[in-house]
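Working notes, structure below.
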Amino acid sequence: MSKDKNPLLDPKRRSAATQMVHGGGKRSPFNETSEALFLNSGYSYPSSQHAEDLFLNKIAGHNYSRFANPTVDMFQERMALIEGAEAARGFASGMAAVTNAVMSQVRAGDHIVAAQALFGGCRYVVEDYAPRFGVESTLVDGRDPENFARAMRPNTKVVFIETPTNPTLELVDIKAVADIAHAHGAKLIVDNVFSTALYQKPLELGADLVTYSATKHIDGQGRVLGGIVLGSKAIIEADVHTFLRQTGATLSAFNAWVLLKGLETYALRIRQMTDSAEKIAEALASHPKVNRVIYPHHKSHPQYDLAKRQMSRGSTLLALDLKGGQEAAFTLSDSLAVVLISNNLGDAKSLITHPRTTTHARLTEEVRLETGVTPGLLRLSVGLEDADDLIADLMYALDQV
């Protein structure tokens, strides 16, 4: 019998699917199989000297759950292993994670370049919130990397993108934009929610920080809010952690525990949801009442080649642009029996929303049309229901339009 150590004792040698079940796990002296839930705000110390050393970061440990908590630690470590990141920090929501990632990297007098096709809340951070603190922003059409190059300034510190975009599923070439950002001394931040950690690896393509709303696929069952930022140890433990510590958008231990449970079924759920999304995109692509189906790995997508190069699969979301405009979109949504009307996504239940009147309602009509949010656009988040049932539900609803 070999005396060599089992190579799988090294967490980094395990596959992503195994990491989602075991990654970052720590056991208490009770040797529980499910991760322990530490519902405590503070910690006691064996001595005053120990407390001083903790607060001076001379020794590892916990001193307050706004800064760190053992259950949150496990979630962060598991996500870092899945993402291939050196470090991570959890947040109370996805928007808390995005706000931290962007604002922790800039100071008054700096400049941000962002893709104009962003989730409404993300666009607010760079277009409305950052300028209040003296940070200017420029938004560009993210489909052409040269638009980022033209917008860069000597004081540009951050380039921020999401790809695929919410809700129009446009793509941004991560590697090309990373090269442009780094050539100008800026950092690239990628919101990777739509593609999931299973199908796209922004850090491998040159991104400096990756953000997720953990509310979405990671929980994926409509239970809790959460967010996470991942990247190098240097950036996370300095800028990101300091901003988190002082602003307090901390992920709760209970939510971290629920997210750990969600990760155990993450790969299984996303794969089935993706299988169904592919079938639905194909079934609806030639429907006479649909202007277009937008799905990254469908051959009709205008950036199909980039999607195949950058994403291993097309993921769980698609968009439909109906010929009858908003009236048709409302009629379809109201005629569905299985698919629910909701602005959430990445859930076990299939969800449909009309972005023009929900997630992107605060934007002007000019901006909405500029970013592809037309009156007839619907975003569909495909869940775990039977794919044939979902197709039948959508076909019935289209018949009512």
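A few points about this structure:
- Residues Arg150, Arg269 ordered from highest to lowest accessible area at a 1.4 Å probe: Arg150, Arg269.
- Charge-dipole axis of the chain as Lys and Arg at +1 and Asp and Glu at -1 on Cβ define it, positive-most pick from Asn147, Met74, Ala319: Met74
- Relative to its residue count, the range 205-361 spans a Cα convex hull of 146 Å³ per residue.
- Taking the 1.4 Å solvent-accessible surface of the range 323-368 as the whole, the part contributed by carbon and sulfur is 51%.
- Convex hull (Cα only) mean projected area of the range 291-401, reported in nm² to one decimal: 7.1
- Among Gly262, Ala88, Asn63 the positive-end extreme of the charge dipole of the chain (Cβ point charges): Asn63
- Sequence-distant residues sharing a close amide H with Asp191 (under 5 Å, placed H): Ile161, Glu162, Thr163, Thr211
- Helices assigned as whole DSSP H runs in the chain whose Cα atoms extend at least 18 Å along their own long axis and whose mean Kyte-Doolittle hydropathy is -0.5 or higher are found at 70-83, 266-284, 387-400.
- Amide H to amide H distances under 5 Å link Glu385 with Ser350, where only residues 5 or more positions off or on other chains count and H is placed in the peptide plane.
- Per residue value of the accessible surface for the range 359-401 (all protein chains in place, 1.4 Å probe), Å²: 41
- Accessible surface of the range 145-199, 1.4 Å probe, proportion on carbon and sulfur as whole %: 52
- Ellipsoid fit via the Cα gyration tensor, the chain: semi-axes of 36, 26, 19 Å, each the root of five times an eigenvalue, largest first.
- Average accessible surface area per residue within the range 1-40, 1.4 Å rolling probe, Å²: 85
- Taking Phe160, Phe55 and ordering them by how much accessible surface each has at a 1.4 Å probe, largest first, produces Phe55, Phe160.
- For the range 109-185, convex hull volume per residue from C-alpha positions, Å³: 64
- Between the amide H of Asn291 and those of Asp321, Leu322, Lys323, distances stay under 5 Å, these residues lying 5 or more places away or on another chain, with hydrogens modeled in the peptide plane.
- Phi-derived couplings, Karplus 6.51 cos²θ - 1.76 cosθ + 1.60 at θ = phi - 60°, listed residue by residue for the range 296-303: x, 9, 8, 4, 7, 5, x, 10 Hz, with x used for Gly and Pro.
- Convex hull volume per residue in cubic angstrom - Cα atoms of the range 1-126: 215
- Averaged per residue, the range 171-225 has 29 square angstrom of accessible surface, using a 1.4 angstrom probe with ligands and nucleic acids left out.
- Distribution of pairwise C-alpha distances over the range 57-189, 5 Å bins, in %: 2, 10, 17, 20, 18, 14, 10, 6, 2, 0
- Distance violations [Cα-Cα > 18 Å] among Lys58/Lys187; Lys216/Lys261; Lys12/Lys233; Lys26/Lys261: Lys58/Lys187
- For Ala249, the shell of other residues with beta-carbons less than 14 Å away shows a net charge of +3, using +1 for Lys and Arg and -1 for Asp and Glu.
- Using θ = phi - 60° in the Karplus curve 6.51 cos²θ - 1.76 cosθ + 1.60, the 3J(HN,Hα) couplings for the range 370-378 round to 4, 9, x, 8, 7, x, x, 7, 10 Hz; x is entered for Gly and Pro.
- Helical runs (DSSP H, four residues minimum) scored at -39500 (n - 2.57) apiece and divided by the length of the chain put the mean residue ellipticity at 222 nm at -10000 deg cm²/dmol.
The values are calculated or read from the model by the stated rules, or taken from the named source; none is laboratory data. All values reported here derive from a predicted model rather than from experimental measurement. Glycine also receives a Cβ, built like all others from the backbone with ideal geometry; neighbour counts cover every protein chain displayed. Please note that ligands, DNA and RNA were not included when accessible areas were found on the heavy atoms of the full protein model with its side chains. Shrake-Rupley method; radii C 1.70, N 1.55, O 1.52, S 1.80 Å.
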